[in-house]
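To keep things clear, I will list the structure first and then write my remarks on it.
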Amino acid sequence: MRQKTTLKSIARELDVSISTVSKALKNSDEIGKETKEKVQAFAKLYNYKPNNVAISLKNKRTKNIGVVIPDIVHHFFTTVFRGIEKYANERGYNVVICISDESYDKEVINLEMLSNGSVDGFIMSLSAETQKKNDFNHLKEILNQGIPIVLFDRVTNEIDCDKVILNDREIAYEAVSTFIADGRKRIALVTTESYFNVSEERAIGYRDALTANNITLDENLILKLHYKDFNETDISNFFKANKIDAVLCVNELFATMCMGIVQNDGVQIPKDIAFMGFTDGMLSKYSKPTLTTVAQHGDKMGEAAARFLIDRIENETDDEIPAYETEIIKATIIQRDSTN
């Protein structure tokens, strides 16, 4: 029996991206005429049909929720999933989890796979590649099928839906202000690419806190690392080249890694340099010294996302569709040995 034709199989056969196939089938002006004709002809030849089964099942709920997260190893996403599952189970829903592995194509495939009537809605955090590409057509397709989506943490203003986010800018401001109150003035930021909305918000909070305390921003004190590929020598050189007495890191991996590197170079923590990171996971609790962290309360974020989605699923027959909402989870700073 011939396998069902999907966006993925068309992309593979024609050696183009899934995004190109999707846009070509919609006759998008972004795709050249020759490519559009080739994709459309192939789709017609193999009788490709989009996954619109969910539309006919709109009023026949599966009581399943699809969750798409970028990384299962990251402590934050694990706690969010636990919050989602706990709340969903209490409301009688099951949860199906998929991992995008920071890949745009995998994110598209996950949504396509589950939007055929397998789930009633999606909760998701955008992959790194999706934020970098700034292409959200796959999300718009799902919403156009009448399937609700809730975005959490990594979100975009390009998509109208319910969202749950952290007060990233505010808590980064508070973290830097804590360093300043402790008498530290040469405060570095270890961050990642600015296309991550959470990293950018934290960078803004960092800058705003320096400005509010009349400390001149030194761009040399901002180290940008790739989210998964980074060089320890570059990190060591950064600390050796700059006079630094405090560091805010956008995640606990960066923080614990930087602490290990500077300690190998003879730096005492927190006497010489104080460290603070985001995500209160196992790395923070068992690092040497233990890491002062911004607790993101992923369980609360997951619970809020599940509540948003299930309420919208169960109220979809109402005459008036509720306006989309954004809930902001308040982070808190947990003091440990890296700053005390």
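The values are calculated or read from the model by the stated rules, or taken from the named source; none is laboratory data. These numbers were taken from a predicted model, which means no experiment stands behind them. Backbone-built Cβ (ideal geometry, glycine too); neighbour counts: all protein chains shown.
So the values come out like this:
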{"item": "Test: residue in region 121-141 that is within 12 Å of the chain's Cα centre (by Cα) and basic (Lys, Arg)", "result": "yes"}
{"item": "Residue check, Glu102 among the acidic types (Asp, Glu) and surrounded by fewer than 16 Cβ atoms within 10 Å (Cβ to Cβ)", "result": "no"}
{"item": "Subset of region 13-43 [within 21 Å of Ser103 (Cβ to Cβ) and either of a type in the set (Asp, Glu) or surrounded by fewer than 12 Cβ atoms within 10 Å (Cβ to Cβ) (or both)]", "result": "Glu13, Asp15, Glu30"}
{"item": "Filtered residues of region 162-171 (kept if buried (at least 23 other Cβ atoms within 10 Å of the Cβ) and either touching a Pro at 6+ places or on another chain (Cβ under 9 Å) or under 18 Å from Ile333 (Cβ atoms) (or both))", "result": "Asp162, Leu166, Asp168"}
{"item": "Any hit, region 302-317, residues being farther than 23 Å from Gly183 by Cβ, of a type in the set (S, T, N, Q), in contact (Cβ under 8 Å) with a residue 12 or more places away in the chain and in contact with a Phe, Trp or Tyr (Cβ under 6 Å, 6 or more places away or on another chain)", "result": "no"}
{"item": "Positions within region 197-218 being in contact with a helix residue (DSSP H, G or I) (Cβ under 6 Å, 6 or more places away or on another chain) and touching a residue at least 12 places away in the same chain (Cβ under 8 Å), in sequence order", "result": "Val198, Glu201, Arg202, Ile204, Gly205, Tyr206, Asp208, Ala209, Asn213"}
{"item": "Residues within region 109-142 that are outside any loop (DSSP other than H, G, I, E, B) and crowded, with 18+ Cβ neighbours inside 10 Å, tallied", "result": "16"}
{"item": "Qualifying residue in region 305-316 (condition: part of a loop (DSSP other than H, G, I, E, B), hydrophobic (A, V, I, L, M, F, W, C), modelled with pLDDT under 95 and surrounded by fewer than 23 Cβ atoms within 10 Å (Cβ to Cβ))", "result": "no"}
{"item": "Of residues in region 240-289 being over 29 Å from Lys330 (Cα atoms) and touching a residue at least 40 places away in the same chain (Cβ under 8 Å), the one surrounded by the fewest Cβ atoms within 10 Å (Cβ to Cβ)", "result": "Lys243"}
{"item": "Filter result for Ile187 (more than 30 Å from Arg312 (Cα to Cα), more than 26 Å from the chain's Cα centre (by Cα) and in contact (Cβ under 8 Å) with a residue 12 or more places away in the chain)", "result": "no"}
{"item": "Residue match in region 282-297 (condition: under 18 Å from Thr191 (Cα atoms) and assigned to a loop (DSSP other than H, G, I, E, B))", "result": "yes"}
{"item": "Subset of region 317-329 that is touching a helix residue (DSSP H, G or I) at 6+ places or on another chain (Cβ under 8 Å) and assigned to a loop (DSSP other than H, G, I, E, B) - its residue that is surrounded by the fewest Cβ atoms within 10 Å (Cβ to Cβ)", "result": "Pro322"}
{"item": "So Phe122, is it closer than 15 Å to Asp71 by Cα and among the aromatic types (Phe, Trp, Tyr)", "result": "no"}
{"item": "Which listed residue is touching a Gly at 6+ places or on another chain (Cβ under 7 Å) and under 24 Å from Glu303 (Cα atoms), from Leu114, Leu126", "result": "Leu114"}
